[in-house]
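Rule-based calculations on the coordinates, nothing more; no lab input. Keep in mind the model is a prediction, meaning the values are calculated, not measured. So basically every Cβ, Gly included, is an ideal-geometry build from the backbone, and we count neighbours across all protein chains shown.
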Amino acid sequence: MSMKGMSIEAIADVLEVESASVKRWLARAAEQCDKVNDSMMKDVDVPKIEMDELWVIIQKKSS
């Protein structure tokens, strides 16, 4: 089952947990993403337009 585009409340319903739990999980995931970005994305000089194009490619491949 795909959870793409689902609200936090809908995800909580599907997983049978409180929406506060889903929010905590998302916050923890965001913290980990920040850590990865801080450690791996040093000295990377990529113009915004290239990053936008990269995300378009990633979204097409994950669809």
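Descriptive notes on the structure:
- The criterion of at least 2 residues that are in contact with a helix residue (DSSP H, G or I) (Cβ under 6 Å, 6 or more places away or on another chain) and free of Cβ contacts under 8 Å to residues at least 40 places away in the same chain is met by the following helices (runs of 4 or more DSSP H) wholly inside the chain: 8-15, 19-40.
- Residue check for Glu9: touching a Ser or Thr at 6+ places or on another chain (Cβ under 9 Å), of a type in the set (D, E, K, R) and surrounded by 10 or more Cβ atoms within 10 Å (Cβ to Cβ): yes
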